[in-house]
Amino acid sequence: DLSDMIHGGFMSAAAFQTLTSAVDGSVHMFWIDTRHMSQEESTGALYTAVSRDGGETFNGDREIFASNVCPCCQLMATANGNSDVYVTLRGVTADNISQSTVTRIASDGTVKSDKVDTRTAPWQINACPLKPTAIATRGDAVFTAVYGGGEDAPGVYFSSSMDGGH
C-alpha cells in the first residue's frame, strides 16, 4: 500500500501512459510505474513496450529509468523522421525538485540522451501538479511547452533544441 507516499491515495500503479508511432511502423508505449516505490525511494520508474508490427503485438515491458521520475506528472511522446522517439517527463532530484526533461530513444531502443533539462525553473512542490510537457519535432529541432510553477511568474514556458535534444 503506497497511499501514504503517493498523493491521491494510489496503490502501486502503471499510470500516465502515452504512446507514439514512428515512420518505421513501430509503436512505442511509455508509462510511469510505481511497483518498486518505497518509503526510501518515493519516485516512479519509466517503462516502455514496443511493437515492431504496427501494434499487433508488443514485446515485454522494459525499464528505461529505475527511479527519479515524478510518479504523478503526465508523460508525452513523439517520434522524428528517423524514428527516434522523444519522451517527456518530470525528473525528481533527491531534494524533491521536479524538473521538466526530454529523453531521446533511438529506434532500436537505445537511450541516446538521459533526461535533458528543458531549462524551465525548478519546481519544488509537495503536491501533484499533473502537468505534462508537450513536445514536437521537426528535423533535428525539438520544441517543448510546459507549465512551470517555479518561476516568479508561473505560466507556460517554451523551449527548443536545434541539435536533436542533446
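At a glance:
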{"read-out": "Packing rank of 84-92, 116-124, 53-61, where each peptide gets the mean count of other beta carbons within 10 Å, highest leading", "value": "84-92, 116-124, 53-61"}
{"read-out": "Carbon plus sulfur fraction of accessible area for the chain, probe 1.4 Å, in percent", "value": "50"}
{"read-out": "Most positive-pole-ward Cα, A153, C70, T57, against dipole of the chain from beta carbon charges", "value": "A153"}
{"read-out": "Cβ-Cβ FRET estimate between S42 and M162, R0 fixed at 45 Å, reported to 0.05", "value": "0.80"}
{"read-out": "Full-extension gain in nm, V23 to A49, via 0.36 nm per residue minus C-alpha separation", "value": "7.7 nm"}
{"read-out": "Peptides ranked, highest mean first, by Cβ atoms within 10 Å: ranges 71-80, 94-103", "value": "71-80, 94-103"}
{"read-out": "Convex hull volume of region 74-153 per residue (C-alpha atoms, cubic angstrom)", "value": "91"}
{"read-out": "Cβ-defined net charge surrounding G81, 12 Å radius [Lys, Arg +1; Asp, Glu -1]", "value": "-2"}
{"read-out": "Counted charge near D108, where neighbours are those whose Cβ lies closer than 11 Å (Asp, Glu -1; Lys, Arg +1)", "value": "0"}
{"read-out": "Segment R119-E56, length gained on full extension (0.36 nm per residue, minus Cα span)", "value": "18.9 nm"}
{"read-out": "Mean separation of Cα contacts under 8 Å, 6 or more apart, over the residue count of the chain: relative contact order %", "value": "15"}
{"read-out": "Pair A66, D152: separation of 7 Å Cα→Cβ label points (nm)", "value": "4.1"}
{"read-out": "With eigenvalues of the C-alpha gyration tensor scaled by 5 and rooted, the chain, Å", "value": "25, 21, 12"}
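The values are calculated or read from the model by the stated rules, or taken from the named source; none is laboratory data. Given the structure is predicted, the values throughout are model-derived calculations rather than measurements. Because the Cβ atoms are built from the backbone with ideal geometry, glycine has one as well, and the counts that use them run over all protein chains shown. What goes into the accessible areas is simple: the full protein's heavy atoms, side chains included, and nothing from ligands, DNA or RNA. Shrake-Rupley method; radii C 1.70, N 1.55, O 1.52, S 1.80 Å.
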